[in-house]
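Trainee: One structure, pasted below without further comment.
The numbers here are math on the coordinates, done by the rules we state, and not lab data. On a predicted model such as this, the values are computed, not experimentally measured, just so you know. Neighbour counts are summed over all protein chains in view; Cβ atoms, including those assigned to glycine, are modelled from backbone coordinates with ideal geometry.
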Amino acid sequence: MSLVSSGLIRQKSYINGKWIGDDSHSLVTITNPANSEEITQVYQLGKNETQTAIEQASKALSPWKKLTASERASVLMQWYELIVKNTDELAELITLEQGKPLAESKGEITYAASFIRWYSEEAKRVYGEVITPHQSDKRLMVVKQPVGVTAAITPWNFPAAMITRKAAAALAAGCTMIVKPAPDTPLTALAMAELADRAGIPAGVFNVICGDAKQIGETLCDNPIVRKLSFTGSTPVGRLLMAQSAKTLKKLSLELGGNAPFIVFNDADIDAAVAGAILCKFRNAGQTCVCANRLYIQADVYDEFAQKLKLAVEKLNVGHGNVEGIDVGPLINSVAIDKVEKHIADALSFGGELLTGGTRQHGEQFEQGNFFEPTIIKNANNKMLIAHEETFGPVAPLFKFDTVEDVIKQANETEFGLAAYFFARDISTVWQVSEALEYGMVGVNTGIISTEVAPFGGVKSSGLGREGGHQGLSEYLETKYICMSI
Ligand code: ADP
């Protein structure tokens with residue numbers, strides 16, 4: 001089936017099982033980052049519609065949470081099946097509005113769907129406790145209950161997976177949810193809503209609202225009916241949402257920026273480290289919050305690693321994501337290109353040396369898109385912006401280090417603490433470094449760590465809470481203590 005005939009391209013928001021948007025709303029044009037062409041236009045909703053969505057999600061809560069976990073799982077599995085069945089169309093849509101290569105988009109759909117299956121299964125295994133009482137005439141119990149109406153605000157870099165990672169846990173736990181997707185990638189979110197509708201998820205249980213971020217965000221935060229907000233995005237917006245949520249004391253999950261170190265020790269398998277760096281740095285054109293941002297290479301293997309990485313990077317095919325064999329697609333927009341250019345110019349002004357890349361991709365097919373050459377900078381140092389800020393683009397700066405102590409100190413010298421990676425074979429180095437890195441996630445001898453079965457999340461300014469694993473489900477459950485006199 002083609003994307004057009006699939007009925008998955010939607011322009012209206014999905015609230016309480018209805019498609020909302022008409023001439024009274026403004027329209028925003030969604031463009032393809034590979035060629036700047038219009039894909040379609042999406043109606044922009046605001047405060048009133050958000051209010052309606054909250055009320056409807058609240059009405060839908062009681063019947064939804066009263067279902068057994070198995071009953072909710074049966075509905076969610078329908079959604080899972082439909083997403084899997086429509087993988088090709090959904091992947092095409094992601095590539096169209098976000099730019100990533102089609103193979104990566106398909107991978108994202110598989111990953112996105114995996115959260116639905118996992119939480120459908122996991123919610124059947126939510127256990128309470130019976131506590132040995134402190135008095136002979138008392139019986140003490142702990143039960144777990146759904147948090148209630150919840151909200152999610154999601155980014156553009158994983159337009160499908162960042163929704164299911166939140167919504168699957170929320171819905172499986174018995175919560176209802178309102179999702180506000182990123183303005184650059186609303187179409188994947190609306191397609192997910194279309195499939196939720198076809199799957200028979202009851203009206204009001206899962207809602208997607210597109211429109212003014214500030215208005216929708218404020219309305220969700222101000223309303224006491226919304227008991228939890230889960231956000232993935234930048235640290236400044238995360239801080240703002242946390243402050244806005246203080247009035248109603250909401251539960252929060254915040255998955256914010258990263259500045260991941262990627263460390264290669266002298267005893268590492270250098271070929272494996274290069275392969276890990278390619279995946280970890282250049283996947284999604286370097287636009288993931290767990291992307292390697294600073295590559296620290298121990299002195300003895302610095303030149304070997306740099307040379308091998310250069311060969312591998314120069315083999316990467318940059319181009320339109322819908323063309324077979326493309327490894328790196330366009331960046332999301334021109335602001336992203338500006339940041340990459342700024343980081344490179346700054347690095348060169350502080351003594352950095354371009355090993356490969358360094359400019360926009362030239363050629364007729366790249367002219368209308370946001371393409372940038374995969375880039376390596378040698379002689380990186382701490383004075384550079386790139387050492388302190390997330391680049392969110394295909395630039396690998398190589399720092400040289402001497403000792404384990406030095407590199408741990410440098411790796412931790414950031415306000416962020418999402419993901420860190422290192423390659424080493426000595427078992428004491430492996431333990432010592434795993435424990436010393438102040439990060440929520442550590443990849444050892446691998447550049448890819450995300451999975452639905454493990455807790456994803458950060459420390460410090462990278463946020464609060466975890467998504468994935470059984471920990472991700474507990475974010476949507478309240479603990480209730482019952483004390484009974486007999
Ligand atoms: P990025 O810079 O990567 O786009 P943002 O943090 O700005 O990251 O965006 C992530 C999500 O947060 C998007 O859905 C965006 O629309 C939303 N967002 C941005 N500003 C606000 C705000 N003031 N209130 C609520 N949501 C916001």
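Trainee: Using 5 Å bins from zero, what percent of all Cα-Cα pairs in the stretch 260-451 falls into each bin?
Mentor: 1, 8, 18, 22, 21, 15, 8, 4, 1, 0, 0
Trainee: Here's a follow-up. Taking each full run of DSSP H in the chain as one helix, which ones are at least 15 Å long along their axis (Cα atoms) and have mean Kyte-Doolittle hydropathy of at least -1.0?
Mentor: Those that clear 15 Å and a mean of -1.0 are 69-85, 87-98, 102-122, 161-173, 186-199, 235-246, 270-282, 302-314, 334-349.
Trainee: Next question. Of 281/378; 180/228; 100/180; 144/480; 308/339; 247/460, which ones are farther than 18 Å apart at the Cα?
Mentor: Long pairs (Cα-Cα over 18 Å): 100/180; 308/339; 247/460.
Trainee: Roughly what would the spin-label model give for residue 59 and residue 88, points 7 Å off Cα along C-beta, in nm?
Mentor: A separation of 4.0 nm, rounded to one decimal place.
Trainee: Of the options 298, 112, 273, report the single residue whose Cα projects farthest towards the positive end of the charge dipole of the chain (beta-carbon charges: Lys, Arg +1; Asp, Glu -1).
Mentor: Ranked along the dipole, the leading option is 112.
Trainee: Please report, in debye to the nearest 20, how large the charge dipole of the stretch 260-451 is about its Cα centre when each Lys and Arg carries +1 at its beta carbon and each Asp and Glu carries -1 there.
Mentor: About 240 debye.
Trainee: Another question, then. Would you kindly calculate the translational diffusion coefficient of the chain, applying Stokes-Einstein with the Kirkwood radius from alpha carbon pairs, for 20 °C and a viscosity of 1.002 mPa s, and quote it in µm² s⁻¹ without decimals?
Mentor: 92 µm²/s
Trainee: Rounded to the nearest 5, what is the percent of antiparallel bridges among the DSSP beta bridges in the chain?
Mentor: Percent antiparallel among DSSP bridges in the chain is about 40.
Trainee: Answer with one residue from 203, 33, 1: the one whose Cα lies farthest towards the positive end of the charge dipole of the chain, charges on Cβ with Lys, Arg +1 and Asp, Glu -1.
Mentor: Among 203, 33, 1, the one farthest towards the positive end of the dipole of the chain is 203.
Trainee: Hey, got the dipole for the chain? About the Cα centre, +1 on K and R Cβ, -1 on D and E Cβ, debye to the nearest 20?
Mentor: 1980 debye
Trainee: Between exposed GluC sites (Glu not before Pro) in the chain, where DSSP calls loop and at most 12 other Cβ atoms lie within 10 Å, what's the longest gap?
Mentor: For GluC sites (Glu not before Pro) (loop position, at most 12 other Cβ atoms within 10 Å), the longest site-free span of the chain is 38-323.
Trainee: Within the stretch 230-279, list the trypsin sites (Lys or Arg not before Pro) lying in a DSSP loop whose Cβ has at most 11 other Cβ atoms in a 10 Å radius.
Mentor: When the trypsin sites (Lys or Arg not before Pro) of the stretch 230-279 are filtered for loop state and at most 11 Cβ neighbours within 10 Å, 247 remain.
Trainee: Take the alpha-carbon centre of the stretch 406-458, take the same for the stretch 227-296, and report the distance between them in whole Å.
Mentor: 12 Å
Trainee: Sorted by packing (mean other beta-carbon atoms within 10 Å per residue), highest first, where do 164-177, 269-282 land?
Mentor: The packing order, highest mean first, is 164-177, 269-282.
Trainee: Separate question: At a threshold of 8 angstrom on Cα-Cα distance, excluding pairs fewer than six apart, so keeping six or more, what relative contact order does the stretch 260-451 reach in percent?
Mentor: 29 percent
Trainee: Next question, about the same structure. Considering the Cα trace of the stretch 291-394, what is its radius of gyration and what is Dmax, both in angstroms?
Mentor: Spelled out, the Cα radius of gyration and Dmax of the stretch 291-394 are 14.1, 43 Å.
Trainee: Of 254, 483, 188, which is farthest on the positive side of the dipole of the chain, counting Cα position, with +1 on Lys and Arg Cβ, -1 on Asp and Glu Cβ, and the Cα centre as origin?
Mentor: 483
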